[in-house]
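The next block holds one structure in the form of structure tokens; read it before the comments.
The values are calculated or read from the model by the stated rules, or taken from the named source; none is laboratory data. Quick caveat, the model's predicted, so the values are computed rather than measured. Cβ atoms come from the backbone with ideal geometry, glycine included; neighbour counts cover every protein chain shown. Surface areas here come from the heavy atoms of the whole protein model, side chains and all, with no ligands, DNA or RNA. Shrake-Rupley method; radii C 1.70, N 1.55, O 1.52, S 1.80 Å.
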Amino acid sequence: MTRSLLVTGGAGFIGSNFIHMLVEDRPDWRVTNLDALTYAGNLENLTSIEGHAGYEFVHGDVTSAADVARAFEVAGRDGAAVSVVHFAAESHVDRSIASGLPFVQANVIGTQILLDAARGAETESFVHVSTDEVYGSLGATGFFTEETPLAPNSPYSASKAASDMLVRAAFKTHGFPALITRCSNNYGPWQFPEKLIPLMIANAREDKSLPVYGDGQQIRDWLFVRDHCEAILAVLERGTPGEVYNIGGHNEYPNLEIVHQILRHLGKDEGLIEYVKDRPGHDRRYAIDAGKIERELGWTPRYTFEQALPATIAWYGSQEEWLRRVRSGAYRDYYEAQYGGRPTG
Ligand code: NAD
Ligand code: DAU
């Protein structure tokens, strides 16, 4: 066993992709997955690695000091030094507009509780997975750099910016070895179909309408999830504590263009597009300058949108049962079937 890693939020979209990557690429690492299994947490994302010797799931909430302490005990058993990659968060902007408090609880309070426990456990390294949304919105030109002032516009991005400040404070005040990543929009396998790309794929497959907010000309900088996971691993292994690393794919598209591409790949009619009321406070454009991580850590994206979007559409096509169970809510029963009871706590 060369390294013990505590991953929070590992049953979600990016966290489960990250754990799959570790099992392939760092097979001798111990991986402890602490996840509360909110609506976004799905153990069916991880069925293929359940028996893996170095992997253990801990059902618990980052807002509970007791749950977090239990996870550190599991990760640090046999005296192993523990590192942390912190994904756990409420992640959907529209839900934060409907109700902000759960975002403050999970993203702000949860991060502070995790930081306190990690300091107590003398954690070797703590990677806080943040987002480009903390920088706010861009006009037609320019890019977010690590020096761009934070100007979050949604309760989600405000809660992530607050968590970034707590991580920064832990480094400045206590010399705690924390690093922050800020990535652009991800797409790929196991993304919950409330986010743009999987929602549009799932609806188009069922000939349901595709809700495009406002004029559909908002721009996002799309990155295949595997590239994000590799960037986080590079930051964990080679990053400098106290530093922020932007991650992005140099891959800007207006939402409407993405929707058209999905319809074309699936051979579906553009008449499925339905223009709906715009998202309040909708950020117009995100674009990442990822020069720092490219220069300092040698990371660059490996997947192009031209390859990875069709591959993602094909993946959802090959995972009809996964998608059906997520859309129907049946995935929530998986824990009971596997472990003989609903998770508590
Ligand atoms: P997700 O919503 O798919 O998954 C979140 C996971 O965290 C779920 O498994 C959920 O059960 C768990 N979780 C939520 N609250 C918890 C709590 N209180 N305690 C323990 N577990 C909890 O999110 P995602 O899209 O995989 O994003 C993961 C992280 O990456 C988030 O921090 C998000 O801000 C950040 N991020 C996401 C993107 C993106 O495009 N999806 C881009 C940049 C950064
Ligand atoms: O930039 C990184 C962020 O990307 C992450 O921090 C967030 O966790 C992640 O959810 C994502 O945020 P967005 O708000 O950009 O993603 P979402 O998929 O919700 O929306 C992408 C764009 O598509 C956005 O401009 C809103 C638009 N949209 C979204 C949905 C769900 C639609 O037009 N219709 C829709 O139904």
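ASP116 to GLU206: extension gain in nm, 0.36 nm per residue of separation minus the Cα-Cα distance? Each step should come with its number before you reach the end.
Values: separation 90, 0.36 × 90 = 32.40 nm, distance 4.63 nm.
Here the answer is 27.8 nm.
How many percent of DSSP beta bridges within the chain run antiparallel, rounded to 5? Don't skip to the answer; put the middle values down first.
Working: 3 of 39 bridges.
Of all bridge pairs located within the chain, approximately 10 percent are antiparallel.
Counting pairs of Cα atoms in the chain, how many percent are more than 34 Å apart? If you can, show how the numbers build up before the last one.
Details: 12139 of 59340 pairs.
Tail of the P(r) past 34 Å holds 20 percent of the pairs.
Note the per residue figure in Å³ for the convex hull of the C-alpha positions in the stretch 186-344.
Numbers: hull volume 26.3 nm³, N = 159.
Measuring per residue, one finds 165 Å³ for the Cα hull of the stretch 186-344.
When the gyration tensor of the stretch 1-137 is built from Cα positions, what are the square roots of 5 times its three eigenvalues, in whole Å, from largest to smallest?
Calculated on Cα positions only, the semi-axes equal 24, 17, 13 Å.
What is the angle, in °, between the Cα long axis of helix 225-238 and the longest principal axis of the Cα atoms in the chain? Nearest 10 is fine, range 0 to 90.
The two axes meet at around 30 degrees.
Just to be sure I understand the model, the point goes 7 Å from the Cα along the line to the Cβ. What's the resulting ALA314 to SER48 distance in nm?
According to this spin-label approximation, the distance is 1.4 nm.
Give the angle, between 0 and 90 degrees and rounded to the nearest 10, that separates the Cα long axis of helix 155-174 from the longest principal axis of the Cα atoms of the chain.
It works out to around 30 degrees.
Count the net charge of all other residues whose Cβ sits under 14 Å from the Cβ of SER130, scoring Lys and Arg as +1 and Asp and Glu as -1.
The answer is -3.
Return a whole-number percent for the relative contact order of the chain, with Cα pairs under 8 Å and 6 or more residues apart as the contact set.
For the chain, the relative contact order is 18 percent.
Run the accessible area of the chain with a 1.4 Å probe and give the carbon-and-sulfur part as a rounded percent.
Working: 7010 of 13870 Å².
The C+S portion of the solvent-accessible surface of the chain is 51 percent.
In terms of Cα to Cα distance under 18 Å, which lysines are near enough to LYS160, apart from those fewer than 8 places away along the same chain?
Those lysines meeting the cut-off are LYS195.
Binning every alpha carbon pair distance of the stretch 2-62 at 5 Å from zero, what are the percents per bin?
Reading the bins upward from 0: 4, 20, 35, 25, 11, 3, 0.
Pop a pseudo-label 7 angstrom from the Cα along the beta-carbon direction at both GLU73 and GLU147 and give the gap in nm to one decimal.
4.8
Cα atoms only, the stretch 254-299: Rg and Dmax in Å?
Just the Cα atoms of the stretch 254-299 yield Rg and Dmax of 16.7, 47 Å.
Quick one: Cα centre-to-centre distance for the stretch 225-261 and the stretch 99-165, in angstrom?
Between the Cα centres of the stretch 225-261 and the stretch 99-165 lies a distance of 15 Å.
With the radius of gyration and the Kirkwood radius both derived from the Cα set of the stretch 104-237, what is their ratio Rg to Rh?
1.02
Starting from the Cα-Cα distance between HIS174 and ALA337, subtract it from 0.36 nm times their residue separation and give me the gain in nm to one decimal.
54.3 nm
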